[in-house]
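Trainee: Starting off with a structure, shown below.
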Amino acid sequence: PAAFAGIIYLLVRQKYFIGYLGQSSQSTPGYLFGKRIIFFLSLMCIVGIFNYLLWRFYGSDYKEYVETITSAASALLLLP
């Protein structure tokens, strides 16, 4: 999901740049969608670090739960 979000982010930045060359109202959707993807990527980073710390200090691995949640959340990124 993080790699998918990264690719989508690159496409959104291209859309933002093309919109930036035109009117300012054309760049707004790319900017807002880019903010949402950056938030998702930051959240994925925090969840990964938290999962590692749980595994390291408590021996609990929630990898299956994290993968399920992030797979579902990455599909939500495509909603307008």
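Trainee: So in region 66-80, with the set limited to residues that are open to solvent by less than 100 Å² (accessible area, probe 1.4 Å) and outside any helix (DSSP H, G or I), which one is modelled with the highest pLDDT?
Mentor: Per the criteria, the residue is L77.
Trainee: Specify the residue that is surrounded by the most Cβ atoms within 10 Å (Cβ to Cβ); the eligible residues are those in region 36-53 that are of a type in the set (V, I, T) and farther than 16 Å from L76 by Cα.
Mentor: Residues of region 36-53 that are of a type in the set (V, I, T), as a first pass: 37-38, 46-47, 49.
Pick out the ones that are also farther than 16 Å from L76 by Cα and you get 46-47, 49.
Working: I46: 10, V47: 17, I49: 10.
Step by step, filter region 36-53, then rank; the result is V47.
Trainee: So the check is Cβ under 7 Å with 6+ separation or different chains; which pairs have a first residue in region 23-41 that's in a helix (DSSP H, G or I) and a second one that's open to solvent by 80 Å² or more (accessible area, probe 1.4 Å) and modelled with pLDDT of 75 or more?
Mentor: Qualifying pairs under 7 Å: G30/K15; G34/R13.
Trainee: Just need a number here: residues in region 17-65 that are touching a Pro at 6+ places or on another chain (Cβ under 9 Å) and at pLDDT below 80.
Mentor: 2
Trainee: So for region 18-26 (the condition being open to solvent by less than 100 Å² (accessible area, probe 1.4 Å), under 16 Å from P1 (Cα atoms) and either among the polar types (S, T, N, Q) or over 21 Å from the mean Cα position of the chain (by Cα) (or both)), does at least one residue qualify?
Mentor: no
The values are calculated or read from the model by the stated rules, or taken from the named source; none is laboratory data. These figures come from a predicted structure and were not determined experimentally. Neighbour counts are summed over all protein chains in view; Cβ atoms, including those assigned to glycine, are modelled from backbone coordinates with ideal geometry. In case anyone asks, the SASA skips ligands and DNA or RNA and just uses the protein heavy atoms, side chains included. Shrake-Rupley method; radii C 1.70, N 1.55, O 1.52, S 1.80 Å.
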